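The values are calculated or read from the model by the stated rules, or taken from the named source; none is laboratory data. Predicted model, so just to flag it, every value in this text is computed and none were measured. Because the Cβ atoms are built from the backbone with ideal geometry, glycine has one as well, and the counts that use them run over all protein chains shown. To get the accessible areas, we keep the full protein, side chains included, count just its heavy atoms, and leave off ligands, DNA and RNA. Shrake-Rupley method; radii C 1.70, N 1.55, O 1.52, S 1.80 Å.
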Amino acid sequence: MTDLIEQATAWAADDPDDQTRAELEALIAAGDSAELRDRFDGTLEFGTAGLRGALGAGPNRMNRVVVIRAAAGLAAYLRANGAETGDAVVIGYDARHNSDVFARDTAEVITGAGLRALTLPRALPTPLLAFAIRDLGCVAGVMVTASHNPPQDNGYKVYLGDGSQIVPPADTGIATAIAAVGAVADVPRGDGGQVLDDAIVERYLDTVAALAGDGPRDLSTVYTPLHGVGNTSVLSVLERAGFTAPYVVSQQEAPDPDFPTVAFPNPEEPGAMDLAMALARERGVDLVVANDPDADRCAAAVPGPHGWQMLRGDEVGALLGLHLLRSGRTGVYANSIVSSSLLGKLAAAHGQPHEETLTGFKWIAKVEGLAYGYEEALGYCVDPEQVKDKDGVSALLLLCELAAAAKAEGKTLVDLLDDIARQHGLHATDQLSVRVTDLAEIGAAMARLRATPPTTLGGLRVDRVDDLSLGSAALPPTDGLRYQMPGARIIVRPSGTEPKLKCYLEVVIAVDPEDGVDAARISAAGRLDALRNDIKAAAGI
């Protein structure tokens, strides 16, 4: 306890933030050993996803001390790797608590290191930051965001000059430089550089709007930004592309860091889209579209036989991929290993190459000759020449373009998915996601699966088990297990950004011409249920 008090006292003395310093001093005065230990027994580790954690004082939280040290480490890494005085770093931020403060601290540290800091004019979408890096010729970019995490979190994403997120060994190089930073009071600070005007925003919006070709525009939609920063960008892009303005969910329209209408501000989470679908029922629209709070993901819902239903990320991924293939887009079509196998079949049918990558857009963006990439967690890169990251704004636009074209032919997005299923088989995917309070539970579950590998899952024999931690010629090592069964596949892995164990399920069912797609869907649902139950039992979760 004495060591803890000493660490906390030293941290408080170095903390430039009155609020977190007072918070820490109160914990010291109260002798709250459990809370102090949680904050000081570890540190937020800088990795390929940057930093992400709960706001608060201490090295195991997101705060100004952690951010200043991260910015100083990044600047040192850039200078050590060829960045020259006057080279620029562009900084963006979302509307979460303290995002603007962390962005300003970063800008002052970057200028203090002899580099130029260019800060976006206000809270804006993450893909706009990715666009700005290459548009402005920067050596790096920083986005202060925790994406779709709970409201108490914030984060810090780093991009290098190619406009994509960092991958090894840059992450360890930056982490080493951060560890070498001394007292925050000794970090040189500059004037914060330049706050950019709206010209960069206009260039991004025009670039995105230009992705939509000539074609039908008769489409009525509901849109929600889920209390995030996507609203103005999405409305502007749709208007520039010739679409009627969507009905916007008023309760979720303005940025709000507390996300008061949802338990988790993630379109995938149960209940997050309820208000949007209620408005869709009221207005009788064709399509519901949504972004997560930093607008790098896009979700969609469609009317079904039993009311409005969400499209899965893999379904949207296939639709957008086919849309681009039919438009003549050439190059590599890529998806993460946990996404559906369908995109590979669509690409092959159109004579285009396909690649699988590790989970995370940082890997998809590194694919040489990328034409289109997606991951099942609602992330789509439809214009890699301009934005080498997932972009919920451009994906939303192209989905609306596709839906309008289908409507003009008397079809819906579900009809298009049915057409794909008849040609390539029904590819049904699902996910078992278990949130834990103790991270040790995730390691224990993975250990159980490695120690006692299942021989059957969902009534199907397991033909092959791949331990992804061993790596392969095609994939770097990652903590995960892949089970291959006849017509089915399961991948189990810890989440990289949340305290969750995730199991990704896929079954492929041939569509009988007489029974139709609905019969295949019923068969797939039963098989997915059986797979889910068996992998849950095998992992002990």
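Among the candidates Glu269, Glu315, which residue alone is at pLDDT below 95, under 19 Å from the mean Cα position of the chain (by Cα) and not basic (Lys, Arg)? Matching residue, one of Glu269, Glu315: Glu269.
Entry remark, the stretch 400-418: residues being of a type in the set (D, E, K, R), surrounded by fewer than 22 Cβ atoms within 10 Å (Cβ to Cβ), assigned to a helix (DSSP H, G or I) and in contact with a helix residue (DSSP H, G or I) (Cβ under 9 Å, 6 or more places away or on another chain) number 2 in total. Residues in the stretch 426-450 that are outside any strand (DSSP E or B) and small (Gly, Ala, Ser): Ala440, Gly443, Ala444, Ala445, Ala447. Scanning the stretch 213-246 for residues that are over 25 Å from the mean Cα position of the chain (by Cα), free of Cβ contacts under 8 Å to residues at least 40 places away in the same chain and either open to solvent by 50 Å² or more (accessible area, probe 1.4 Å) or within 25 Å of Gly92 (Cα to Cα) (or both) returns Asp214, Glu239, Arg240, Thr244, Ala245. Exactly one residue out of Ala365, Ala347 is in contact with an Asp or Glu (Cβ under 8 Å, 6 or more places away or on another chain), within 15 Å of Val382 (Cβ to Cβ) and buried (at least 17 other Cβ atoms within 10 Å of the Cβ): that is Ala365.
Could you go through the stretch 98-112 and let me know if any residue there is modelled with pLDDT of 95 or more, of a type in the set (A, V, I, L, M) and under 22 Å from the mean Cα position of the chain (by Cα). There is at least one residue in the stretch 98-112 that is modelled with pLDDT of 95 or more, of a type in the set (A, V, I, L, M) and under 22 Å from the mean Cα position of the chain (by Cα).
Exactly one residue among Thr478, Thr429, Thr455 is of a type in the set (S, T, N, Q) and open to solvent by less than 20 Å² (accessible area, probe 1.4 Å), and that residue is Thr429. In the stretch 161-187, of all residues being within 27 Å of Gly373 (Cα to Cα) and among the aliphatic types (A, V, I, L, M), the one that is surrounded by the most Cβ atoms within 10 Å (Cβ to Cβ) corresponds to Ile174.
Ser340 passes every criterion in (1) small (Gly, Ala, Ser); (2) surrounded by fewer than 21 Cβ atoms within 10 Å (Cβ to Cβ); (3) touching a residue at least 40 places away in the same chain (Cβ under 8 Å) apart from (2). Just the residues that are in a helix (DSSP H, G or I) and open to solvent by less than 10 Å² (accessible area, probe 1.4 Å), please, taken from the stretch 116-139. Hits for the stretch 116-139 are Thr126, Pro127, Leu128, Leu129, Ala130, Phe131, Ala132, Ile133.
Regarding the stretch 481-491, can at least one residue be identified that is within 23 Å of the chain's Cα centre (by Cα) and without any contact (Cβ under 8 Å) to a residue 40 or more places away in the chain? Taking every residue of the stretch 481-491 in turn, at least one turns out to be within 23 Å of the chain's Cα centre (by Cα) and without any contact (Cβ under 8 Å) to a residue 40 or more places away in the chain. Somewhere in the stretch 153-160, is a residue at pLDDT 95 or above, closer than 19 Å to Val66 by Cα, open to solvent by less than 40 Å² (accessible area, probe 1.4 Å) and touching an Asp or Glu at 6+ places or on another chain (Cβ under 8 Å)? Yes, there is a match, as at least one residue in the stretch 153-160 is at pLDDT 95 or above, closer than 19 Å to Val66 by Cα, open to solvent by less than 40 Å² (accessible area, probe 1.4 Å) and touching an Asp or Glu at 6+ places or on another chain (Cβ under 8 Å).
For the stretch 460-475, the set of residues classified as in a loop (DSSP other than H, G, I, E, B), open to solvent by 70 Å² or more (accessible area, probe 1.4 Å) and touching a residue at least 24 places away in the same chain (Cβ under 8 Å) consists of Ala474 only. Taking the criterion of being more than 15 Å from Leu55 (Cβ to Cβ), buried (at least 24 other Cβ atoms within 10 Å of the Cβ) and out of contact with any Ser or Thr (no Cβ under 9 Å at 6 or more places or on another chain), the residues of the stretch 98-110 that qualify are Val109, Ile110. Only one of Ala88, Ala95, Ala113 is surrounded by fewer than 24 Cβ atoms within 10 Å (Cβ to Cβ), in contact (Cβ under 8 Å) with a residue 12 or more places away in the chain and touching a helix residue (DSSP H, G or I) at 6+ places or on another chain (Cβ under 6 Å). Can you tell me which? Matching residue, one of Ala88, Ala95, Ala113: Ala113.
Ala210 meets each of the listed conditions (1) touching a residue at least 60 places away in the same chain (Cβ under 8 Å); (2) surrounded by fewer than 21 Cβ atoms within 10 Å (Cβ to Cβ) apart from (1). Might you check whether a residue that is assigned to a helix (DSSP H, G or I) and hydrophobic (A, V, I, L, M, F, W, C) occurs anywhere in the stretch 78-98? Yes - at least one qualifying residue is present in the stretch 78-98.
The lone criterion from (1) open to solvent by 10 Å² or more (accessible area, probe 1.4 Å); (2) out of contact with any Asp or Glu (no Cβ under 6 Å at 6 or more places or on another chain); (3) over 24 Å from Pro225 (Cα atoms) left unmet by Ala377 is number (3).
Under 8 Å by Cβ, and 6 or more places apart or on different chains, what pairs join a residue from the stretch 357-384 that is closer than 23 Å to Asp135 by Cα with one that is open to solvent by 20 Å² or more (accessible area, probe 1.4 Å) and in a helix (DSSP H, G or I)? Correct list of pairs: Asp383/Thr207.
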